[in-house]
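What follows draws every value from the coordinates through simple rules; no lab data is involved. Fair warning: this is a prediction, and the values are worked out from it, not measured in the lab. Methodologically, a virtual Cβ is constructed for each residue, glycine included, from the backbone with ideal geometry; neighbour enumeration extends over all protein chains shown.
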Amino acid sequence: MPEVTLVEAARLAALQEMRADPRIWVLGEDVARGGLFGQYRGFLSEFGAQRIVSTPISESTIMGAGLGAALVGTRPIIEMRIFDFAMCAMDELINQIAKIRYMFGGQAKPALVVRMPHGIWRNSAAQHSQTLEGWFAHVPGLVVCVPSTPADTAGLLVQAIRSDDPVLFFDPKNLFPLKGEVAERIAPIPFGVARTAREGSDLTIVTWSAIVPAVEDAAGMLAARGISAEVLDLRTLWPWDEAAVMASAARTRRLLVVHEAVTAGGFGAEILARATEALGPGALRAVGRLGQPRVPVPFAPPLEDALKPDAAKVVAAAEALMAR
Amino acid sequence: MPEVTLVEAARLAALQEMRADPRIWVLGEDVARGGLFGQYRGFLSEFGAQRIVSTPISESTIMGAGLGAALVGTRPIIEMRIFDFAMCAMDELINQIAKIRYMFGGQAKPALVVRMPHGIWRNSAAQHSQTLEGWFAHVPGLVVCVPSTPADTAGLLVQAIRSDDPVLFFDPKNLFPLKGEVAERIAPIPFGVARTAREGSDLTIVTWSAIVPAVEDAAGMLAARGISAEVLDLRTLWPWDEAAVMASAARTRRLLVVHEAVTAGGFGAEILARATEALGPGALRAVGRLGQPRVPVPFAPPLEDALKPDAAKVVAAAEALMAR
Amino acid sequence: MTGGGDNRARLLALYGTMCRIRAFEETALAAHKAGEIPGPLHVSIGQEAVAAGTCLNLRRDDRITSNHRGHGHAIAKGAGIQGMMEELFGRAGGHCRGKGGSMHIADFSVGMLGANGVVAGGIPIAVGAAQGLRLLGSDAIVACFFGDGAINRGPFLEGLNWAALYTLPVLFVCEDNGVAAFTRAESVTAGPGIAARAEALGVPATSVDGNDAAAVDQAAARLVAEIRGGAGPRLLHARTYRLMGHTSTDPAAWRDAAEVAAAHEEEPLARLRARLLEEGVPDKALGALEGDAQAEMQEARARALAAPWPDPAIAWDDVQDAGAVTETA
Amino acid sequence: MTGGGDNRARLLALYGTMCRIRAFEETALAAHKAGEIPGPLHVSIGQEAVAAGTCLNLRRDDRITSNHRGHGHAIAKGAGIQGMMEELFGRAGGHCRGKGGSMHIADFSVGMLGANGVVAGGIPIAVGAAQGLRLLGSDAIVACFFGDGAINRGPFLEGLNWAALYTLPVLFVCEDNGVAAFTRAESVTAGPGIAARAEALGVPATSVDGNDAAAVDQAAARLVAEIRGGAGPRLLHARTYRLMGHTSTDPAAWRDAAEVAAAHEEEPLARLRARLLEEGVPDKALGALEGDAQAEMQEARARALAAPWPDPAIAWDDVQDAGAVTETA
Ligand SMILES: Cc1ncc(C[n+]2csc(CCOP(=O)(O)OP(=O)(O)O)c2C)c(N)n1
Ligand SMILES: Cc1ncc(C[n+]2csc(CCOP(=O)(O)OP(=O)(O)O)c2C)c(N)n1
Ligand SMILES: [Mg+2]
Ligand SMILES: [Mg+2]
């Protein structure tokens, strides 16, 4: 299996699917030039300007036109460039895309993928660094993908493109250069199945998206200190693999959720809540969360570093949990 | 103290503040005609068209212009008519209003209030019934008010208008006709202080906004069945009264959160997560949440009724918790 | 049917559609007042000619998107009446199985892609539908209905620019009734007007007396022919008047009585009726159309009232395939 | 200074500002390349005349809003250089204490209400600022800078309509460099153009050669006078060229070399320099301005490099008053 970067894995996945299904097309800014990150490199020459549509800076319409095109039977990939710009298209996403199948009594399934590279990335400051994926798990009608490896990105993107549901696909932009193996023929990865990134017995760390490598590093450091951490990469937040999390947490009795998003009101809260609801509080010895404090992402490196979750902070959080 | 409806209480609060401070003004659709719910009735004749600005249907600009006006020192009340339309103004709200003080290193405090009547209301269906208040507790920079009584609505609105923070004020539109006493001179109610709606010893029910009366009814029914429920109305979600919730939950050892919003990923998750983090899982015997299932709000009465939390569902959830 | 014309048959077809729209909405108003219809209800009484005149020029496989005041658009596009009435009543037999109601009526079987509860919400959907149809090799077009209030929202600019850019087959239809909810259009809309805005975005515009059904029909016929011929999007600006309040419970008492009375003189059904009489159509024939429409809608109301409510279990259906919650969850 | 004019002093003032903008951005580019400046950096090299010509006509208490390519606007409005440079470097002495960076520079002390990382994000803010100023009884105006890319986003329509409706004192300045990121404006913008769009929204527009500083100055002088006189908003459409790539790391290699070479011939500093020489300003005097600008920016860079980083503890500051989290929370 060839080793490729994560962004190239995503490119290959979209390429494979677009070759197989002429109803798939891409719309977004600069996609004809390959996209901001090269994730559509070469697509224009292969698929032509009807299927690779470089659009005006009109996020509302990028999103809404994707919906309209889905309603007549095409399968658009809606490229938002950077997640934060999706704020310009929230009516289309939340009021329209998420609800239309239901409101119309099932007359239409908007089969579309919204790609939204997200996360803290090279001191891009508050308006280009947000991680609000937890919001969308709260919105009925949406599937939420948050992969962290090249193989998962490729497999989940294939699944997303083939799905009849509207799928929000959060490309982990800070991990675009990350290398990993990707199959020649990319198989879909089902939604809602966590990946066990590391097995362990002392505590369960649940995580996803760009922070996963830091959590894996932390697990290595913890091992060196005699703490055996199991790391579950959720890969999708809705549906999410409650069974895998519960099984692991019931075993280790310690549950830590790590995400790059702000801790308060983040999806980590849902995981802890479900764990105590489902297992009963008595089944657990300690629970905790590590995320960004409830502060916008600052520009200056020392400030960003102070707030951003990293391996050292994961180690500290895990040790605090073990001490309880 | 006179008895007034909740919407009238809100009107009186805004009136009082606008009389005291000429920098306060209102912008939104139809506000010159008193607003969709009469919450600005009579304001045009008293304050004139410069301070009561009926706007085009331009939600992005209603929100963004409010911000701009705050940056030069006025204190706008931004009226969104119905919460769901704020989806058309999320860039302005999330990328701009919430972050500007931080991004600019404290050079400006956008002192503004965004009023967003929200919630399920008379079979208005999926695009006019959303309760996404939990989203905003997750966004640094914002204060989130979710009152449920005329007096709280009035007092919190006064506080919101006087606050230098951007405050999201979720008017509980289904409770607009609800009557209650409001002081002649409305005093501000500080953010982050829960109201004990009912004292009890067997379990703690934490709730807010339009569902509060149903929870109070349920507590009455539970009392008739020998279950003593303490009801805490949070009144604000950010800041929220963690101390009061923890004290009550530590005492009753059973914690139920009830909100009209979808359960999955709602703010109830944060409350359960904090409770188990802060008190330790062992301190609690049972925790649970009751909200709308992860389904858009349907139109037909039997469908809406099936999904919407109500007193009977609260009783059932509380009894299930007591059985654990 | 293609190509406009003022021949009698065509005028009669227009009149028939308009009578059905009027009768549907009058019936719905009465049912709402009687407590049979829950939720908000926006009727288009006085604006029927725009829907009828436009849709008479559409094929069944053409699509439309609509707004909160969409009964007329749906009926004119051929949506089933019983399914519409039951949707308003929130019954299981509604087009949306009772999940949508008046503001979210859709009937995909006739190309009606949905009403919309968000002003201007249908605009991006319409341009995308047109783009999708082209990708699929179809020569179907999309008509996009919205009010004068929608032209002050961003999607109007974005959608028209987009449609012009990609030469998409979209007929934008602005129903200019001069009012948005309780606010006059002139008090919130700057500049020379709707048509000028469209032209500035590369979309040729035609203004028409929207209460003159034949005029709407003729203009729409020409524009639809241009669009289907590949010329790109067009905008039809139809001036009309909302005879009733914003919603069924709004008396719109702020309007001058004289203004409303004058508007009643210009209302499109009476005008078309007078013209048909002039053209020699017997009063009885018109009466028959009117009576049929009334009878159809009365029956639809009666059947809707007797129709079963949706089973509460379906409340959980049709959210999504992956990650759907179940009643027992 | 009010009233345009081509007198020497005015041209020299323009030239001085433009030299400072150019020197600031060349210095920033070098510093970015050297790894001294983190994050994305968008420079306006080649577009300096628009900022300089516009802001020369503004008072200190006038406000501006800007976009992602905003260094020139800030400098022309009088923002402190050291605070800007340190902001780019992410240092404690930056105008935003290192929290904003290049894309979020603001200097409220001179009426610079902020750059913006969202295209068109400054438009609603500008109109609201103007509305607020009027409510406060001020006669200050607001200039709102944005690119040709912004005219395809909804807020352009909403904001211009709004400003025209309320006759607000806003000067919209569209810096039309013909490109948005990696896409040519003409390939994403339909219709007759920016000025026509503005006029259709009730905002009179003036087009100008944006690389001719004197022309920009004259046009801005007239428009600012009209606006301050109460005439309502105006739009200045300034045609220019972005000599560098979209960001500091973008080579913009997709552009024809000949095109870029031709654009260099038309770049505003060289043109104004030639004109000043023609007008008899000694080369030495111009060289002194240029040298001063370079020296100022070099010193700013050196000082920024030596300046302290922000204390990590301030990362928690200035989020909000109520409900602020603390480091230990
Ligand atoms: C984005 C948005 N803002 C506000 C509303 C509330 N609203 C519903 S209809 C309406 C007036 C619309 O006027 P217009 O588009 O002219 O249509 P008309 O009702 O006159 O047919 C308003 C303000 C809404 N539905 N969506
Ligand atoms: C809403 C939004 N969409 C996309 C972007 C990404 N982006 C940043 S600058 C830019 C191009 C802007 O072009 P223009 O407005 O012409 O300004 P210029 O860069 O040419 O000065 C784009 C697409 C953004 N910042 N905001
Ligand atoms: Mg109207
Ligand atoms: Mg540009």
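Take the Cα of C:Arg184, step 7 Å toward its Cβ, do the same at A:Asp21, and the gap between the two points is 5.3 nm. Label-to-label distances for D:Ala9 across copies, nearest first, come out at 8.3 nm, using points 7 Å from Cα in the beta-carbon direction. Look at the alpha carbon pairs under 8 Å that are at least 6 residues apart: their mean separation over the length of chain A gives a relative contact order of 16 percent. Is there a pair in A:Lys109/B:Lys99; B:Lys109/D:Lys33; B:Lys109/B:Lys179; A:Lys179/B:Lys99; A:Lys173/B:Lys99 whose C-alpha atoms are over 30 Å apart, and which pairs would that be? Among A:Lys109/B:Lys99; B:Lys109/D:Lys33; B:Lys109/B:Lys179; A:Lys179/B:Lys99; A:Lys173/B:Lys99, the Cα-Cα distance tops 30 Å for A:Lys109/B:Lys99; B:Lys109/D:Lys33; B:Lys109/B:Lys179; A:Lys179/B:Lys99. The residues packed around C:Pro310, meaning those with a beta-carbon under 12 Å from its beta-carbon, carry a net charge of -4 if Lys and Arg are +1 and Asp and Glu are -1. When you restrict to C-alpha pairs under 8 Å that are six or more residues apart and normalise by the size of segment B:195-322, the relative contact order lands at 29 percent.
State the antiparallel share, in %, of DSSP beta bridges confined to segment A:195-322, rounding to the nearest 5. If you can, show how the numbers build up before the last one.
Values: 3 of 18 bridges.
Once the DSSP bridges in segment A:195-322 are tallied, antiparallel ones form about 15 percent.
Comparing A:Thr276, A:Ala318, A:Ala219 along the charge dipole axis of segment A:195-322, the residue lying farthest to the positive side is A:Thr276, per the Cβ-charge model. The charge dipole of segment A:3-181, taken about its Cα centre with unit charges on the Cβ of Lys, Arg, Asp and Glu (plus for the first two, minus for the last two), comes to roughly 220 debye. Mean projected area of the convex hull spanned by the Cα atoms of segment B:3-181, taken over all viewing directions: 9.2 nm². When all alpha carbon pairs of segment D:7-136 are counted in 10 Å bins from zero, the resulting P(r) reads 14, 45, 32, 9, 1 %. With a Förster radius of 22 Å applied to the beta-carbon distance between B:Asp305 and B:Asp217, the computed FRET efficiency rounds to 0.90. Label sites at A:Asp164 and A:Arg324, each approximated as a point 7 angstrom past Cα along Cα to Cβ, lie 4.4 nm apart. The same position A:Arg162 in the other copies lies at 6.2 nm from this copy, comparing label points 7 Å beyond Cα toward the beta-carbon, shortest first.
For D:Glu266 and D:Leu136, what is the calculated FRET efficiency with R₀ set at 56 Å and r taken between the beta-carbons, to the nearest 0.05? Please report the intermediate quantities before stating the final value.
Values: r = 42 Å, r/R0 = 0.75.
E(calc), rounded to 0.05, equals 0.85.
The charge dipole of segment D:242-329, taken about the Cα centre with unit charges on the Cβ atoms of Lys, Arg (+1) and Asp, Glu (-1), comes to about 280 debye, rounded to the nearest 20. About the centre of its Cα atoms, the protein assembly as shown shows a dipole size close to 980 debye [charges on the beta carbon of Lys, Arg (+1) and Asp, Glu (-1) only; nearest 20 debye]. Estimated from helical segments only, the mean residue ellipticity of chain D at 222 nm is -13500 deg cm²/dmol, where each DSSP H run of four or more residues counts as -39500 (n - 2.57). Dipole orientation for segment D:4-311: of the candidates D:Pro40, D:Leu56, D:Leu133, D:Leu133 has the Cα lying most toward the positive pole (charges on Cβ; Lys, Arg +1; Asp, Glu -1).
A helix-only calculation puts chain A at -10000 deg cm²/dmol for mean residue ellipticity at 222 nm, using -39500 (n - 2.57) for each DSSP H run of at least four residues, averaged over all residues. Label-point spacing for D:Asp292 across the identical copies (point 7 Å from Cα in the Cβ direction), in nm and ascending order: 8.7. The alpha-carbon atoms of segment B:2-55 define a convex hull whose volume equals 68 cubic angstrom per residue. Placing unit charges on the Cβ atoms of the charged side chains and taking the dipole of chain B about its Cα centre, the candidate lying farthest along the positive direction among B:Thr153, B:Pro117, B:Val143 is B:Val143. Take every pair of alpha-carbon atoms less than 8 Å apart whose residues are at least six positions apart; their mean separation over the length of chain D yields a relative contact order of 24 percent. Between C:Ala258 and D:Arg59, take the C-beta separation as r, use R0 = 45 Å, and let me know the FRET efficiency to the nearest 0.05. FRET efficiency, C:Ala258 to D:Arg59: 0.35. Taking 0.36 nm per residue of separation and subtracting the current Cα-Cα distance, fully stretching the chain between B:Ala247 and B:Ser45 would add 67.9 nm. Think of the axis that spins chain D onto C; the D residue whose C-beta lies nearest it, and the distance in whole Å, is D:Gly154, 1.
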